[in-house]
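Heads up, the thing below is written out as structure tokens.
The values are calculated or read from the model by the stated rules, or taken from the named source; none is laboratory data. Computed from a prediction, not measured in an experiment: that's the story for all the values here. Every residue, glycine among them, receives a Cβ derived from its backbone with ideal geometry; neighbour counts consider all protein chains shown. Calculation scope for accessible area: heavy atoms of the full protein, side chains included, ligands and nucleic acids excluded. Shrake-Rupley method; radii C 1.70, N 1.55, O 1.52, S 1.80 Å.
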Amino acid sequence: MLVGPAGSGKSTLTRQLSLVMESQGASVVKVNFDPAAENTVYDPDVDVRDYVRAQDFMEKGLGPNGALVSAIDALIGHVDKVREEVDEFRADYTIVDLPGQLEPFAYRVGGPLVLRALIQDDKAVAVFLMDSVFFDDPADMISILTLASSVNVRLGLPQINVISKADLLKPEVVDEVLPRLHEEGYLEDALRDSRRLKGQQLALSMSLARALYEAGYIGSVIPVSTYDQASVKELYGMIQNVLEGGEDYRIYDIDEDQES
Ligand SMILES: Nc1nc2c(ncn2[C@@H]2O[C@H](COP(=O)(O)OP(=O)(O)OP(=O)(O)O)[C@@H](O)[C@H]2O)c(=O)[nH]1
Ligand SMILES: [Mg+2]
């Protein structure tokens, strides 16, 4: 599941990742899961727009964001068919290119419900794309990491956090920030040093940063550029590791968890 904010590079990565997988002998189905996509940078094998289009909801009077949310909710009535189409390919991997409008997947029930119906009992991993532009500033890093953590909690899937468009990272970020990001307290120190935030905003950001470390959430983030095949191969390796991890990595049952 490739997930991330608008323009973070999901569709481009769908194409590049499928090429890398295929070059290593795996078969891949590419699924466009964005009912509002106007065109895609690859040719989807399966396309939710064959079932639901956000445009139809706009014609009923909704704005673009409400239309997308409603379209994702409406997919629940069609997701079995989407799954059947995917199954017909009998492929080793399915790459699902999700919409950049993250609301259904970060804050609502519709997105996780539809994805669970799509995934069924298969193993799945969410790859969350964080645009490299967020890594210029510690406050921005905290914003994107908290969004990534929201998606993680919502979807209940193992998640790999990727810095996308890594070719655009500043050299000082590559040399000085990324190697230290996982160090306990690093973001809090960086926030204090940057002096961009003050008062209540600084206190809140510090608390969020601390929570991310305490939850062990800032493990490894992996820089990926679609211009650098080696980085896409490395991501493929991580995806394989997670999927080979077995039962622990199956999508968990939200209802069971709430009961316990
Ligand atoms: N420099 C650079 N640009 C990239 C990379 N990956 C994608 N882009 C560019 O980023 C822009 C957005 O890429 P998309 O793949 O359409 O992003 P998306 O996440 O699918 O966008 P939405 O579906 O609209 O949310 C395009 O102009 C891409 O060419 C990358 O690794 N490096
Ligand atoms: Mg896209």
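Here are the numbers for the structure shown:
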{"read-out": "Within the chain, longest stretch clear of exposed trypsin sites (Lys or Arg not before Pro) (DSSP loop, no more than 16 other Cβ within 10 Å)", "value": "109-179"}
{"read-out": "Mean separation of Cα contacts under 8 Å, 6 or more apart, over the residue count of region 48-150: relative contact order %", "value": "24 percent"}
{"read-out": "Accessible surface ranking that places the most exposed of Ser143, Ser70 first, with a 1.4 angstrom probe", "value": "Ser143, Ser70"}
{"read-out": "Principal axes of the chain: Cα extent on each, largest first, Å", "value": "53, 45, 41"}
{"read-out": "Pairwise centroid distance, computed over Cα atoms, of region 21-65 with region 175-225, Å", "value": "34 Å"}
{"read-out": "Kirkwood-based shape ratio for region 1-60, expressed as Rg/Rh from alpha carbons", "value": "1.03"}
{"read-out": "Hull volume in cubic angstrom per residue (convex hull over the Cα atoms of region 1-124)", "value": "98 Å³"}
{"read-out": "At most 11 other Cβ within 10 Å, DSSP loop - GluC sites (Glu not before Pro), region 106-211", "value": "Glu183, Glu184"}
{"read-out": "Inverse of mean 1/r across different Cα pairs in region 73-136, Kirkwood, Å", "value": "13.4 Å"}
{"read-out": "Apportionment of accessible area to carbon and sulfur, region 100-235, percent (1.4 Å)", "value": "51 percent"}
{"read-out": "Additional length obtainable on full extension of the chain from Asn39 to Ala6, 0.36 nm per residue less Cα span", "value": "10.5 nm"}
{"read-out": "³J(HN,Hα) computed for each position of region 184-196 - Karplus, 6.51 cos²θ - 1.76 cosθ + 1.60, integer Hz, glycine/proline x", "value": "3, x, 4, 5, 5, 4, 5, 4, 4, 5, 6, 6, 6"}
{"read-out": "Across Lys30/Lys123; Lys30/Lys81; Lys123/Lys233; Lys30/Lys170, pairs whose alpha-carbon gap is larger than 26 Å", "value": "Lys30/Lys170"}
